[in-house]
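Each reported figure results from applying straightforward, stated rules to the coordinates on display, with no laboratory input. Bear in mind that the values here come from a model prediction, so they are computed numbers and not experimental data. Backbone-built Cβ (ideal geometry, glycine too); neighbour counts: all protein chains shown.
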Amino acid sequence: MKILSMLWKNLIRGPRTLLFPARPPVTERFRGLVQFDPSLCTGCAVCRFRCTSRAIEFKAGKGEFTWSYNPGQCTFCGRCVEGCAEHALKDGHLEHALSQAEDTPPIYLVQGELKKSYTVARRPPAARPAATAGTQPAATSKPSPTTSGGAQ
Amino acid sequence: MNLITALARLLIFPGLLFAVPAAWFFLWVERKTVALMQGRVGPPFMQPFFDFVKLTAKSTPPRSGIAGALMRSWPLIALASAAGAVGLLPVLPSSGGFEGDLILLLALLEMPSMCIIAAGFSSRSIFGEIGSAREAALSVSYNIVFLLAIVSIAASQHTFRLEALAALPASPLRLLGIVAIIVCLPAKLHINPFSLPNAEQEIYAGPMTEYAGPELAMWELSHGLEWVAATGLVATLLAPHFGAWWLAALVFVALSFAIVLLLSAVAAATARLAIDTSVRFYWQCTLIFAVLAISSALFMRYRL
């Protein structure tokens, strides 16, 4: 008889599925297509190293590098975004067919149709001292809570 | 029953003009109710009709020889029998009929099931053959109860004429018979817990596995008409006698709808039983019930 109360509860609660063209709203942590910002990229290629599905390709050239991303191969694991120290990569929260941004899901007919390539000029190595300078205030600022704690 | 009344009953009400939309509606109600009870949205209202139209537009694989001709003819025979069974139901008051039309109705109700068995074996698919064997075993089990229940009702009222049966007031014995018929309906309509002849996720669609296109559409429609005929039979036996035809028609539709809801709830609440359990259920539990009904009917008849 427990099944009858379960059925009744289901009937009262309403359906938890959607009719076909409707799609559920994407969640806060939904990972869409990876977004690349060439102005922040240093060309370290850690993203290529972390990409298990080989969706990210990296070609180093003279004074420049080519970064390319093929969403057709991407599994949206987010490891590239996680490993990008310069935050040049971001999860495209709504940049996905499932995100309800479009009425009908797109149809891709050619392999690698979505692939995007960026050729970025390497930045001068002047960024290095800036990075060390950036860590300096952090190191100095660290003792301040302890000192304040000691004062209390 | 003259020719015009017979044609009107077969083609208009409760025949094809009423029964075909009612068949799609009942199929939708069953699917929707089960879906809602399982927390799903279920199909849109017009889905069974769209399915039918879509299937009729598709082409079927060419089948030559006698097997092909048989496979094409089974759904048509099943459809014609189910439509005939619906046409025989004495829904409207003083709609005619003849002595012994109950027996014809039972035969016509049984034809789709026999066509399914034959179709499964003529398709020569292993899944079809398994489904047909299950349907045959199940049919032998539930039909005894079904027939005994109907015969008990007929014996208690001294008639095999449907209209006379429907017009007589309901007695406790008749209600017992109706309950026995309702117990048989899930097996007759292949819904849970007796859905093993067309057990999806197990033997694909059973006897329907090799069917496609318009032939499958005919099967779907005949299944829907079986719903209308089987629930309609119970509705006519349950419904009190009315003088006004519109009231009789309304009560018939409302009672049929209520029985569809009841059967859908049973289908949603139960899981598919194995063939031995199903056969044991009908032979051990329900047969006692039916034998009790018929013996008391006969006893009453000789006492009166």
Next item on the list: For an R0 of 25 angstrom, estimate the FRET efficiency from the Cβ-Cβ distance between B:LEU76 and A:LEU19 and round to the nearest 0.05.
Entry: 0.15
Notebook entry, point to check: With labels modelled as points extended 7 Å from the Cα through the Cβ direction, what inter-label distance (nm, one decimal) is found for A:THR119 paired with B:MET46?
Noted result: 5.4
Next item on the list: Assuming a ≥ b ≥ c are the square roots of the Cα gyration tensor eigenvalues, decide whether region B:1-70 counts as rounded (a/c under 1.5), prolate (otherwise, with a/b larger than b/c) or oblate.
Entry: oblate
Checklist line | Rg followed by Dmax, in Å, when region B:1-134 is reduced to its Cα trace | finding: 17.8, 50
Next item on the list: Sticking to Cα atoms, compute the Rg of region A:29-123 to one decimal and its Dmax as the biggest Cα-Cα distance, whole number, in Å.
Entry: 13.6, 44
Margin query: Please list, by residue number, every one of the trypsin sites (Lys or Arg not before Pro) in region A:1-69 that is coil in DSSP and has at most 16 other beta-carbon atoms within 10 Å.
Written below: A:ARG16, A:ARG29, A:ARG54, A:LYS62
Note to self: Sorted from largest to smallest, which semi-axis lengths in Å does the alpha carbon gyration tensor of region B:3-303 give for its equivalent ellipsoid, taking the root of 5 times each eigenvalue?
What the structure shows: 30, 23, 19
Check: For region B:59-145, what is the Kirkwood estimate of the hydrodynamic radius, computed as the reciprocal of the mean inverse distance between distinct Cα atoms, to one decimal in Å?
Finding: 14.6
Notebook entry, point to check: Under a point-charge model restricted to the Cβ atoms of Lys and Arg (+1) and Asp and Glu (-1), what is the dipole moment magnitude of region A:29-123 relative to its Cα centre, in debye to the nearest 20?
Noted result: 480
Check: Looking at chain B, do any whole DSSP H helices span at least 27 angstrom along their long axis by alpha carbon and average 0.5 or above on Kyte-Doolittle, and which?
Finding: B:16-37, B:65-88, B:101-122, B:126-157, B:213-238, B:245-269
Note to self: Once you place label points 7 Å from the Cα toward the Cβ at B:LEU7 and A:GLU95, how far apart are they in nm?
What the structure shows: 7.1
Check: Among the listed pairs A:LYS9/B:LYS188; A:LYS9/B:LYS54; A:LYS59/A:LYS115; A:LYS90/A:LYS115; A:LYS2/B:LYS32, which are separated by more than 25 Å between their Cα atoms?
Finding: A:LYS9/B:LYS188; A:LYS9/B:LYS54
Notebook entry, point to check: Where Rh is the Kirkwood radius over the Cα pairs of region B:121-246, the temperature 25 °C and the viscosity 0.890 mPa s, what D in µm²/s does Stokes-Einstein return?
Noted result: 151
Next item on the list: Find, to one decimal place in angstroms, the Kirkwood hydrodynamic radius of the protein assembly as shown, where the mean of 1/r is taken over every pair of different Cα atoms and then inverted.
Entry: 27.4
Notebook entry, point to check: Between B:VAL53 and A:SER39, what FRET efficiency comes out of the Förster formula 1/(1 + (r/R0)^6) with R0 = 60 Å and r the beta carbon distance, rounded to 0.05?
Noted result: 0.60
Notebook entry, point to check: At what distance in angstrom do the alpha carbon centres of region B:160-179 and region B:99-139 lie from each other?
Noted result: 27
Notebook entry, point to check: So for B:TRP227, B:TRP28, B:TRP283, fewest C-beta neighbours within 10 Å to most, what's the order?
Noted result: B:TRP283, B:TRP28, B:TRP227
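Restricting attention to region B:99-174, which GluC sites (Glu not before Pro) occupy a DSSP loop and are surrounded by at most 12 other Cβ atoms within 10 Å?
Answer in residue order: B:GLU99.
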Check: Got a sec? Charge dipole of region A:29-123, +1 on Cβ for Lys and Arg, -1 for Asp and Glu; which of A:GLY43, A:LEU109, A:PRO71 is way out at the positive end?
Finding: A:GLY43
